[in-house]
Every structure is written in structure tokens, then in C-alpha cells.
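To start, the structure itself, in C-alpha cells.
Taken together, the values in this text are just the output of simple stated rules run on the coordinates, not laboratory data. Since the model is a prediction, treat every value here as computed from it, not as a measurement. Glycine also receives a Cβ, built like all others from the backbone with ideal geometry; neighbour counts cover every protein chain displayed.
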Amino acid sequence: MFEKALTGSKRYWIWIFVLLAVIGAGFLAYLKQYEYGLGLTGMSRDVSWGFYIGQFTFMVGIAASGVMLVLPYYLHHYKKFGRLVILGEFLAISAVIMCMLFIFVDLGQPKRVMNVMLHPTLNSVMFWDMVVLMGYLVLNVIIGWTVLGSERKGTPPPGWIKPLIYLSIAWAPSIHTVTAFLYAGLPGRHFWLSAIMAARFLSSAFASGPALLIILALIIRKLTKFDPGKEAIQSLGKIVTYFMLTSVFFLGLEFFTAFYSNIPSHMASFKYLYAGLDGHNQLVPLMWISTILAVVSIVLLINPKFRENEKILALASVAVFFSLWIDKGFGLVIGGFIPNMFEGVTEYWPTQPEMMISMGVWAIGLLVLTVLYKIAITVKEEVEL
Amino acid sequence: MSIDRRVFLKIAGITTAFGLGGSTLINGLKKRGLEASELPFAGKQGGLTAKRWGMVVDMSRFRNEHDIQRVIDACHNIHNVPFFKNPKHEVKWIWTDTFNHTFPGMESEFMMEGLEEMPFLMLCNHCKEPACVRVCPTQATFKRKDGIVMMDMHRCIGCRFCMAACPFGARSFNWRDPRGKDEDGRPFIRKLNPEYPTRMKGVVEKCTFCTERLAKGLQPACAEKSNGGLVFGDLEDPDSELREILRTRYTVRRKQELGTQPSVYYVIGGNDDV
């Protein structure tokens, strides 16, 4: 089926080459970082994880969210998602690849990455995160490719794929739960030491992922002859609505516990993020943009009249996506390191090379996504026409 | 097939050069200090051993800046700890900070005079339940039988999970190449100690309680230079000097509530003549 990705319109090839150019620029920046060390980034002794790990965390959520299509379709036989399900699976593939790349570019000694497999360490959450991410990638590649292949031949998918699909449904929440455990089990990081962390992760994932899928589905309808279906998009809209509300509710729970208990160490990171701490307030504007976007998106989503209008739904989806992107891809990771272990404040902001490398990873993800979507859509167009 | 003597010697010579002799030759060429594998290890004859090494920091013995600097220099000089001007890239094995920063949560509204300004020495706590060891995905950081939390610099992948996990800020990452030079051409390692390995960029490092000195029967460098301010010994030995101090004086540990069971205790002072 791969040959479908090798023929396309002029627009398709321009897009591919733009992505390749960004990847090239990112790669050059990475070579510089490889040579100089991670000191090229904005990270420090105090804020020892930054934009890379934030993006990794956010992308795990996007990957996990594929289950929001797979589950209703395969477990509840919700046929409306039939045309979308492959897009969810392929999005998961591209997101997991980005996760792995963001971890890779964050390593101080990338050449030794295989040590994680050579010395498997069962007590390390990072080891398990690698296991679940790898597993999820393999599952989605096998399932997506096989089901699409059958569709192309006009035959039902082989019987052996069913158990794998059920496994992938159970597997999806695990990747984000384990990722939350990277943070939620650390003594002395009060901002992360929260039993609700995995629940927060999952709810924000199931809002941001489907929001992205809505945007992608609308773009696909505009650019190709393939229509993912109005009703399917509306169903996604409802999923985004409920999970965005849950996500904001969970954040509210964190605020309540921190501020009603009035325990300084529990309040400190929230103060830093939303008001500034000891005169340091670099992230405050960003966090308020996230808050405003969350409120706007909820207002637009909660009213069915607005939500049913696809233009407004698209706008709300963009708002959800960026609100949660800031919250998880930035605030959550940086906030955990501020204040530091000595209750001092060292601020963090990504450097230019750091952003270039991140853009490169994003471009790789988009390239994988473009190629996979091109294949899927061409197959679907051929089957239908 | 038979080979004559000349061919045999040729082959033997080449094999030796690339095999046994080769490693010596290559080492000799790129030698810039000791390899970690060449360090003496614990359990060797004449070494100091313990069930669980620990330390007491007796603040009353540190009277001035000089007392403290001597201790820090002793450690950082022998261990080739690089000096980075940028505080974000700082590498430190033993250092000082104020009371409030050393013991967060223990500060009070009205504090004993002078306490807040006192420079408290900090180093790795060599916890009994080390969070860093729990999270490390490669066992590059591990706990030895004698309680010392150790680093394998050759296995560390530089993921910095241990830095996120350590509640004491005891771990430093090499954000730049410590073997390199700063913008003014000064080496980050001001004076190389050829007796101890240097690190490479991208790995995490920290205090090791001077395992290399213990193996030779010596006290940790900081304790040796502390004039009794840092008492090193076996926490599990009831007859040790360390336990005698813990029996007779009120001591605290950093962030005890987190349950990591630090092996470094502090005598805060205020009663110098006890």
C-alpha cells in the first residue's frame, strides 16, 4: 500500500518538502546540541526537564486518545466511527514516534539509549514507559495496516486481529497512566505528588486528542474527496466536551487541595504558574492564555447550538488543543521544578536551538502522519469510488 | 598448512599490538587521567568497611568561611569537579546554603538569631531508601552493600530522572563537556587530579562518600579536612563515634518526612560547648 504515498498532487509534494526542510533544520540544530551538550537548551540544574519532556508528555496523551475512536467502534459497534478509526490509529503511530524522539533528543548520552533494554530495571517507571510505548506502537502499526489492507481488498479483517484490537483498547490508558507515574511517584515534588495525576493526564488526553482529530478530519474533508462524516465529527465534539470539563474539574480539585489546606509547599508551584513567585513570573501569561482558552472552549462546546456548527466546533477544538498543550506541554513539567528542592526559583525558557529541534520532531511526526493519512485516504477513495 | 617462524612472529606481533599491547598503547595516547575501572574498590585489603556509612555535620565546628571552603575545595579538587560560571550549569558535590534552603519547612516566623545566615553544608544524603536508585532506568545509580549510593558514569544515559526524584538537589548534570574550556580558555577542571577519573558531558554525578579513599583506608576528603566538623562512620555500629554523637546530641536530617532515610545528620549548634 505504501506506493500510495509516492504519488500525489503538487500541493502534497510541496507540503512534504516543507516538512523535510524543517526536519533538516531541526537535525542541524540537534547536531549542534550533540556537540555542545544539553547546555545549549534552557534547562538547568534546577529545571532539569524542559520543553522536550513536556512535549513528550503531551504527545503520549495524543497517542492514547486514539482509543476514543477504537473503543466505541469495536466494543459498542458505533458504526459512525468506521471512517475515522484508521485516522485515530495512524495519529497514535505518529504521536508515539514523536514521544520517542522527544525522549531521545533529551538524553545526555543518546548513544547509550539501548542501556534501558540491556539492563532492564523493573523498579523504574521509565523502563515501563518504554515498554508500554513500544507495545502501543507495534499494536497500532499491526492493527492499522492490517485493517486498512483488508478494506482495500474488500474483505473483512482477519479474525486474529480482534484480540489485538481489544488488547490495544486496554493498552491505551496504560501508556498515559505510566507516563503520569513518572511524575506522581517522586518524593519532594509536591506539584506532581498527586493521586489524581494519572486521571488528569487521561482526561486532558481524551480532550486534546479528539480535538486534534476533529481539526484533522475537517482539513481532510476540505482537501480530499474523503468525508469522515458529519455525525462522527459531532460525536467527537461531545467526547471533547465531556473530557475538557473533566480535565478542568480535575485541575480545580488540585487547586482546592492546595489552597484550602493552605500548605505552602503545595501552593508554591500553582502560585508560580498563575501569579508568580518571589518576583518570578515568566510563565504567568502563558498559563492565563491556557485558562482563557479553556473557558472559551467550554463556553463554545457546552452549548449544543454552538457545537453543532462545524466552524464553531473547529474553533473550540483549536482552543482546547492549545489550552491543554500549554498546560501539559509546558506548565505541568516546568511547574514541578519551580520552586526547586531548596525552595528557590530558577526560571526556564526554551532556547532557539531547543525550539528548532522540537520543531524538527514535530515535523517528523507530521511527515509520518501525512504519509499514513495519504495512504489511508487514497485507499478509502478507491474503495468508495 | 605450515607457517615458518618469521610469519608466525609477524602474526604474533601484530596480534599483540592490536590486542593486549594495543589497549596500553591507545590508553597511553589518550590518557588524561584515571579510568573509573582502575579505581580501587571496597572490600580490598586495608580498606574501611561498614554496614551503612553515615555522617554527622556538626555546624558548631564551622567557625568561618575558610573552614567551609577548605572542605569544599578538598572534595572538588580531588574529584575533578568542573567549575561552570553559569549557575544553571553548576556541578557540585558538597556546597552550602542557608538554613531555610537546607531545611525547607523547618523555618519559623521567629528564628534564633544568626541561624538564618548560617551556611549549612550539604552533600548527597546516601539515603537508605534512595528515590534516585528507585527511578534510574539503567541501574547506573545503585546502592552498595555499605549504604553508599554510587554512580556508574559509563552506564548513565543522562535522562535526569534521578535529578527529578532526589528531594535534596544532590545531583548535578554535565550540561557541557567538563573536560572542555570556558570562553576565556580556562579549563572547567581548574587543576586535573590524574588520580581520579573525569566525567564526560551528558551524565549525572554526585558525592560518593569517597569510595576510592575508603578502599585505601582513608576517611572521605571532606571529613578529613573538617577539623571534626564532619564525622564519618558506621551508622549500624553502636560503638562508632558517629552513634555516640547521635546518642548524646539532638540531630536533624533534611526532609525526614519524605521517608528516604538520609544517612547525613546535622547538629545545628547554638550550644557550642556541649
Considering the dipole of segment B:36-267 built from charges on the beta carbon (Lys and Arg +1, Asp and Glu -1) around the Cα centre, which of B:Gly158, B:His101, B:Val231 is farthest to its positive end?
B:Gly158
Geometric extent, Cα atoms of segment A:195-298 - Rg, Dmax (angstrom):
17.5, 57
Rank the residues B:Thr141, A:Thr177, A:Thr224 as a footprinting-exposure proxy: fewest other Cβ atoms within 10 Å of their Cβ go first.
A:Thr224, A:Thr177, B:Thr141
What's the angle, to the nearest 10 degrees (0 to 90), between helix A:197-223's Cα axis and the longest principal axis of chain A?
40 degrees
Over its alpha-carbon atoms, the protein assembly as shown yields an Rg and a Dmax in Å of 28.6, 96
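If Rh is defined by the Kirkwood formula over all Cα pairs and Rg also comes from Cα, what ratio Rg/Rh do you get for chain A?
Result: Rg/Rh = 0.97.
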For A:Ala21 and B:Tyr250, what is the calculated FRET efficiency with R₀ set at 51 Å and r taken between the beta-carbons, to the nearest 0.05?
0.20
How well do other chains shield peptide A:106-118, expressed as the mean number of their Cβ atoms within 10 Å of each residue Cβ?
6
Would you mind computing, in nm to one decimal, how far apart the modelled labels at B:Ser60 and B:Asp239 are, each placed 7 Å from Cα along Cα→Cβ?
2.6 nm
Please compare each pair in A:Lys4/A:Lys225; A:Lys111/B:Lys216; B:Lys51/B:Lys255 to a cut-off of 26 Å on the Cα-Cα distance and tell me which ones are over it.
A:Lys111/B:Lys216
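Sorted from largest to smallest, which semi-axis lengths in Å does the alpha carbon gyration tensor of segment B:36-267 give for its equivalent ellipsoid, taking the root of 5 times each eigenvalue?
They are 26, 22, 19 Å, listed largest first.
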Can you check what the net charge comes to around A:Gly42, using other residues whose Cβ is under 11 Å from the Cβ of A:Gly42 (Lys, Arg +1; Asp, Glu -1)?
-1
The summed charge of the B:Val149 Cβ neighbourhood (under 9 Å; Lys/Arg +1, Asp/Glu -1) stands at +3
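Can you give the relative contact order of chain A as a percent, counting alpha carbon pairs under 8 Å and 6+ residues apart?
This gives 31 percent for chain A.
Can you figure out the FRET efficiency of A:Glu231 with A:Phe2, using R₀ = 25 Å and their beta-carbon distance, to the nearest 0.05?
Approximately 0.20, to the nearest 0.05.
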Folded to 0 to 90 degrees: helix A:264-274 orientation relative to chain A principal axis, Cα:
60 degrees
Between A:Leu286 and A:Phe256, how high is the FRET efficiency from 1/(1 + (r/R0)^6) when r is the Cβ-Cβ distance and R₀ = 30 Å? Nearest 0.05.
0.85
Spatial extent of segment A:237-332: Rg and Dmax, with the Cα atoms as the point set, Å:
14.8, 46
Can you give the local net charge around A:Ala316? Use residues other than it whose beta-carbon is closer than 11 angstrom to its beta-carbon, Lys and Arg +1, Asp and Glu -1.
+1
